[in-house]
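See below for the structure under consideration.
The values are calculated or read from the model by the stated rules, or taken from the named source; none is laboratory data. Just so it is clear, the model here is predicted, and its values are computed rather than measured. FYI the Cβ positions are ideal-geometry reconstructions off the backbone, even for glycines, and counts take in every protein chain you see.
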Amino acid sequence: MYEFITGDIVEKTPTFIVLETGNVGYYINITLNTYTLLPGQNPCQLFIHQIVREDAHILFGFISREEREVFRQLISVSGIGANTARLILSSLGPAEIERSVNEGNVAVLQGIKGIGEKSAQRIIVDLKGKITIKAGMDYLYPEQSNTLRDEALSALVNLGFAKKTVEKVLDQILRRNDKPAVEELIKEALKKL
């Protein structure tokens, strides 16, 4: 099992990063929160969770140990897989998840695509009191480049949403607000998908 990988960013999108270290490029799935906090310069360090299946070895990378721990807690809940946990962490920051779980706020968790009432209740029952985030771990979002729509579209399609549906939702959001950060755009789109 890997603890972390440190290397140079070769490619960076809202859903994955290619990190080169030792002349090997690692394809690492990331959350939207990790994407926003990735450093602009190299080297970069990501904390890793590896999933080994019959057909693949999949790496998930996180900017902090706390975010990785929330991911691990989420995938320990029956019915919550790695991609669903990544979607939850892309919709809500680790501190928001902690707050929602510890307060028993089913509505916030239900607002995430793919999380129904029973799943939200199961998350709360299984994780209440287990998730703790250090103070100061709320995430701030830096400004993004002009490829906002394309990055948001790519991220949402990689998360499993239909391209045409995503394009319509993104266009609606951008008509109302033409300068949101890519993270805000994706989060708002996730609420509407």
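Reported count of residues in the range 6-56, each being farther than 22 Å from residue 151 by Cα, among the aliphatic types (A, V, I, L, M) and outside any strand (DSSP E or B), is 1. Tell me, please, whether a residue that is touching a Phe, Trp or Tyr at 6+ places or on another chain (Cβ under 8 Å), over 20 Å from residue 185 (Cα atoms), not assigned by TED's automatic domain parsing to the domain that holds residue 123 and not aliphatic (A, V, I, L, M) can be found in the range 24-41. Yes, because at least one residue in the range 24-41 is touching a Phe, Trp or Tyr at 6+ places or on another chain (Cβ under 8 Å), over 20 Å from residue 185 (Cα atoms), not assigned by TED's automatic domain parsing to the domain that holds residue 123 and not aliphatic (A, V, I, L, M). Filter the range 22-44 down to residues that are surrounded by fewer than 15 Cβ atoms within 10 Å (Cβ to Cβ) and among the polar types (S, T, N, Q), then give me how many there are. Adding up the residues that qualify gives 3. Restricting attention to the range 74-89, the residues being in contact (Cβ under 8 Å) with a residue 60 or more places away in the chain and in contact with a Lys or Arg (Cβ under 8 Å, 6 or more places away or on another chain) number 1.
Checked against (1) crowded, with 19+ Cβ neighbours inside 10 Å; (2) in a helix (DSSP H, G or I); (3) within 13 Å of the chain's Cα centre (by Cα); (4) not charged (D, E, K, R), residue 109 meets all criteria but (3). Residues that are in a strand (DSSP E or B) and surrounded by fewer than 21 Cβ atoms within 10 Å (Cβ to Cβ) do not occur anywhere in the range 71-93. Among the residues of the range 46-60, not a single one is more than 12 Å from the chain's Cα centre (by Cα), of a type in the set (Asp, Glu) and either within 24 Å of residue 4 (Cβ to Cβ) or crowded, with 22+ Cβ neighbours inside 10 Å (or both).
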